[in-house]
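What follows is a single structure, written as structure tokens, with notes after it.
The values are calculated or read from the model by the stated rules, or taken from the named source; none is laboratory data. Being a predicted model, the structure only gives us computed values, none of them experimental. Glycine also receives a Cβ, built like all others from the backbone with ideal geometry; neighbour counts cover every protein chain displayed.
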Amino acid sequence: MKRDKIVIGSRESKLAVLQSEMVRDYIKEKNPDLEVEILTMKTTGDIILDRTLDKVGGKGLFVKELDKALIAGRSILSVHSLKDMPMEVPEELPLLAFSKREDPRDVLVLPEGASELDKSKPLGCSSLRRTLQLKKLYPDMDVRSIRGNLQTRLRKLDEGQYSALILAAAGLKRLGLESRINRYFTADEIIPAAGQGILAVQGRKGEAYDFLEGYCDKKDWTAGSAERAFVKLLDGGCSSPVAAHAEILGDEIYLRGLYYDEKDGSYVTGTLRGNKADAESLGRELAETLRKKGENR
Ligand SMILES: NCc1[nH]cc(CCC(=O)O)c1CC(=O)O
């Protein structure tokens, strides 16, 4: 059946809509006769804003409502930030494609007009992954949790409650806010979340998706898959502090991982190199190695 219209499900934040529009624009360019609509909705993660994500608990806080729309046929695709996706996706809602990755690094953002870090105020960040790694970089500073979408967080920063925020470069760059970045953390200073900077396109089993042809970036599909295999083995969700980052250099994959030990609140990191054809098994191998390293300390 030839379709003349499709609907993309999206979170309703400015960044989420912008990301869905990026996928829409690709589809429109390749399929000029196809009408593409974006259906926005609020997710649990957007509604509960008074607690950090690890305290809200559960997996898939940013995806459930989009899954429901897909299953009910109100949409044919969902566009997500890959890093917000649980490691297990429902069998009937497979991941179809990963975008080319935007800058995967975390960055420091100062209040509007500030030129250096005011160490008397706390750093603001929303994840335990960042909090843990920041303690090593800024041992003499407090870290306080901050929630809400990017615009909300930046407003709180500019109102003077925080010395700086730690955010993903990807979101800021997509929103045209790159000029607010004061410092980039290397992937060794702060290991990014698995999938950071990649968009995931999710669909419904049994549908034809020829209109998406050519969208998936092979290199970043490999990198994202290795990162997710690492996290999956350690059973981390979007709110877990597990971190993983993969770089593809020719035929080689270079993996970095962070494993957090819930029992004593400490973490270990490590790296692994191998052939990119073994991306997922290398991700699992690094996860096993780090779990043992954590347990034997
Ligand atoms: N958890 C929210 C979220 N999900 C994806 C991004 C950034 C975009 C991306 O990683 O692709 C952000 C904002 C942030 O962490 O600063």
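Considering only residues of segment 138-151 that are of a type outside the set (D, E, K, R) and without any contact (Cβ under 8 Å) to a residue 60 or more places away in the chain, which is nearest to the ligand (Cβ to nearest atom)?
In this case the residue turns out to be ILE146.
Can you tell me how many residues in segment 1-29 are assigned to a loop (DSSP other than H, G, I, E, B) and crowded, with 18+ Cβ neighbours inside 10 Å?
Summing the residues that are assigned to a loop (DSSP other than H, G, I, E, B) and crowded, with 18+ Cβ neighbours inside 10 Å in segment 1-29 gives 1.
Each row is one residue, and each column tells you yes or no for (1) of a type outside the set (Asp, Glu); (2) under 16 Å from THR43 (Cα atoms); (3) modelled with pLDDT under 95; (4) away from the ligand (no atom under 13 Å from the Cβ).
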{"residue": "VAL63", "(1), (2), (3), (4)": "yes, yes, yes, no"}
{"residue": "MET85", "(1), (2), (3), (4)": "yes, yes, yes, no"}
{"residue": "SER99", "(1), (2), (3), (4)": "yes, no, no, no"}
{"residue": "GLU102", "(1), (2), (3), (4)": "no, no, no, no"}
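Out of TYR259, TYR254, TYR215, TYR267, I need the residue that is part of a strand (DSSP E or B) and at pLDDT 95 or above. Which one?
On the way: TYR259 fails: at pLDDT 95 or above; TYR215 fails: part of a strand (DSSP E or B); TYR267 fails: at pLDDT 95 or above.
Just one listed residue meets the conditions, TYR254.
Give me the residue from segment 156-177 that is among the charged types (D, E, K, R) and under 18 Å from the mean Cα position of the chain (by Cα) and, out of that set, farthest from the ligand (Cβ to nearest atom).
Within segment 156-177, the match that is farthest from the ligand (Cβ to nearest atom) is LYS173.
Would you be able to say whether some residue in segment 103-123 is in contact with a helix residue (DSSP H, G or I) (Cβ under 9 Å, 6 or more places away or on another chain), in a helix (DSSP H, G or I) and not hydrophobic (A, V, I, L, M, F, W, C)?
no
In the list ALA229, ALA194, ALA208, which residue meets the criterion of being buried (at least 21 other Cβ atoms within 10 Å of the Cβ), within 21 Å of PRO90 (Cα to Cα) and more than 16 Å from the ligand (Cβ to nearest atom)?
Step by step, each of ALA229, ALA194, ALA208 is checked, and only ALA229 is buried (at least 21 other Cβ atoms within 10 Å of the Cβ), within 21 Å of PRO90 (Cα to Cα) and more than 16 Å from the ligand (Cβ to nearest atom).
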